[in-house]
Amino acid sequence: MALEIVKYYQKHQQQVIENFQLSLETDNVDAIHDMRVSFKRFKILLQILEKISDGKIVAKQEYGHFNKLYKASGRLRDLHVQRQLLNAYKLRNGNSYEHYSDYIERRIIKQRIKYLLVASAFLPDFMTELGNQCQDLVSAEQTQYLLSASAAIITSKLASISQAYHQGDEPAFHKIRRALKEIQYLNNIMDNQLPIRQLVNIDALRVAELGQMLGAWHDKWNGQLMLDKFLSGNQGIDNPEAYHSLLKLLKLEKENEYRQIEKILQTEMKLL
């Protein structure tokens, strides 16, 4: 197991470096996305290392090496997703939504400038030393202990999911989405050997499916907020009815997806 974890770390270290460099050279949507996914996987791996290191590694402190870049890239990624979402509605509805499309493009340009400013201060060298610590720590532990430590982390994630669910509001769903992704990544790190169904009442495939559903819902939630903000600041646009119809459609589809997800959380994950 130790060797698999080290290889996992090295793989995503390389992907961060490659995608970070690519994101500087071009406005590459996939590079931003893939770099962020690797950072997310680093985050959950750091939680494992914290648990087995007797205080030598503190996950939140290590996040500090890349958190500003992660957040800046996240804001850019959200705009990329909204462009993709709008393009899908353009095809479905036969409308160019020109004014809103231009608004998103202007925001992407502004956020990319901010991203590049943050990126100029990012130093990826920390990953080499952290990788050495990772290798030393996991190599000193038995596979069963690593699995037990990971299972304990999942139990804490389930508690966070339950707490968020009982908040009963839409922003809490984002917390659930993030926790499910962490569970998925943690199982990947542990070579899919964790008893996921026993721990969270659904199997690993369903965790991934639910995460995708929450991702689609989250995109529409952000889309509703962004379009509403656009309409509030652009009341004199041509054909406002088309934009208000799009807003209603976003809200309707988002609410339908919310109910589907809520049903899974209640009936399959038993979050009652």
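The values are calculated or read from the model by the stated rules, or taken from the named source; none is laboratory data. Because the structure is predicted, anything quoted here is derived from the model rather than measured. Here the Cβ positions follow ideal geometry from the backbone for every residue, glycine too, while neighbour counts run over all protein chains shown.
When the residues of the stretch 57-108 are filtered to those that are of a type in the set (D, E) and over 17 Å from L231 (Cα atoms), which remaining residue is farthest from the chain's Cα centre (by Cα)? Looking at the filtered set, the residue picked out is E62.
Of the residues that make up the stretch 142-153, is at least one within 30 Å of A2 (Cα to Cα) and within 19 Å of the chain's Cα centre (by Cα)? Yes, the conditions are met somewhere in the stretch 142-153.
Does R106 satisfy the condition of being free of Cβ contacts under 8 Å to residues at least 60 places away in the same chain and under 25 Å from W217 (Cα atoms)? So R106 fits the description; yes.
Answer yes if at least one residue in the stretch 250-272 is assigned to a loop (DSSP other than H, G, I, E, B) and surrounded by 15 or more Cβ atoms within 10 Å (Cβ to Cβ), and no otherwise. Taking every residue of the stretch 250-272 in turn, at least one turns out to be assigned to a loop (DSSP other than H, G, I, E, B) and surrounded by 15 or more Cβ atoms within 10 Å (Cβ to Cβ).
Quick check on the stretch 39-57. Is at least one of its residues closer than 20 Å to D219 by Cβ and either outside any loop (DSSP other than H, G, I, E, B) or acidic (D, E) (or both)? Yes: the stretch 39-57 contains one or more residues that are closer than 20 Å to D219 by Cβ and either outside any loop (DSSP other than H, G, I, E, B) or acidic (D, E) (or both).
Residues in the stretch 183-218 that are within 20 Å of R41 (Cα to Cα) and outside any helix (DSSP H, G or I): M190, D191, N192, Q193, L194, P195, D203. Return a yes/no flag: does the stretch 165-181 have any residue that is under 25 Å from K56 (Cβ atoms) and surrounded by fewer than 20 Cβ atoms within 10 Å (Cβ to Cβ). There is no residue in the stretch 165-181 that is under 25 Å from K56 (Cβ atoms) and surrounded by fewer than 20 Cβ atoms within 10 Å (Cβ to Cβ).
Contact annotation: residue pairs with Cβ atoms under 9 Å, 6 or more positions apart or on different chains, pairing a residue in the stretch 122-133 that is assigned by TED's automatic domain parsing to the domain that holds G64 and surrounded by fewer than 13 Cβ atoms within 10 Å (Cβ to Cβ) with a partner that is at pLDDT 90 or above and not aliphatic (A, V, I, L, M), are L123/H65; T128/Q13. A single entry from H12, H33, H65 fulfils the requirement of being part of a loop (DSSP other than H, G, I, E, B) and modelled with pLDDT of 90 or more: H65. For the stretch 134-146, enumerate the residues that are buried (at least 17 other Cβ atoms within 10 Å of the Cβ) and of a type in the set (A, V, I, L, M). Scanning the stretch 134-146 gives L137, V138, L146.
Of the residues Q14, Q10, the single one that is surrounded by fewer than 16 Cβ atoms within 10 Å (Cβ to Cβ) and touching a residue at least 40 places away in the same chain (Cβ under 8 Å) is Q10.
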